[in-house]
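To keep things clear, I will list the structure first and then write my remarks on it.
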């Protein structure tokens, strides 16, 4: 995606009173800046399963969107994450099944067990509640990833109900929400430059 972030446009469909398909909303998607410039843009979310396609509420906003890593009670969240050159998240985990689809650029996935894989455009990572980090290896190119997070059952260590792996180190984004591809605020999160799998950042991205 070149050397700068490209704004995102969201189109939402629905039905009119005669049950004919219509466009109900079309606009740029606001985003929040994390750490050294990575951005989160929540496109839509659901707070139940099955989803209610007649719900008139905007799925990207509270109360439908929880504001957390993902929605509980069988819910889902679709967000676009843009990672700037050389940015790296700390290790983090969410209690969810995640589909990560690389749209542009390259990103390195590292697991807490030490394995690493580099993903490029159209590569997909199915993240099943594992502890991991994301790193942009390029010193010039941004990376854009679409993530769909679906609520899941917790991971039990060796099948024990007494040892459960839960959410860990996912960011609580702070910053000025914008709709034009710019932001005035920053929160602690990504670190700049290549690091090992256990960075000192407070927050991560998914």
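Laboratory data are not the source of any read-out in this text; all were calculated from the coordinates shown. If you're wondering where the values come from, they're calculated on a predicted model, not measured in any experiment. A quick note on method: Cβ atoms are made from the backbone with ideal geometry, for glycine too, and the neighbour counts reach across all protein chains shown.
Give the Cα extents of the range 29-192 along the principal axes, in whole Å, largest first.
43, 42, 29
What is the spread of the Cα atoms of the range 63-110 along each of their three principal axes, largest first, in whole Å?
35, 21, 17
Taking just the C-alpha trace of the range 83-172, give me its Rg and Dmax in Å.
13.8, 46
Please pull out the direction-averaged projected area of the range 1-123, using the convex hull of its alpha-carbon atoms, in nm² to one decimal place.
9.1
Measuring from centroid to centroid over Cα atoms, what is the spacing of the range 53-108 and the range 121-143 in Å?
When both Cα centres are located, 13 Å separates them.
How much length is gained on full extension from residue 55 to residue 140, taking 0.36 nm per residue of separation minus their Cα-Cα distance?
26.4 nm
Rank these for me by crowding, 142, 134, going from fewest to most other beta carbons within 10 Å.
Fewest-to-most ranking of 142, 134: 142, 134.
Using the count of nearby Cβ atoms within 10 Å as a rough guide to exposure, how do 92, 15 rank from fewest to most?
15, 92
List 31, 122 from most exposed to least, where exposure is judged by having the fewest other Cβ atoms within 10 Å.
Ordered from fewest to most neighbouring Cβ atoms within 10 Å, 31, 122 come out as 122, 31.
Report D for the range 5-55 in µm² per second (integer): Stokes-Einstein, Kirkwood Rh on Cα pairs, 37 °C, 0.692 mPa s.
The calculation lands on 246 µm²/s.
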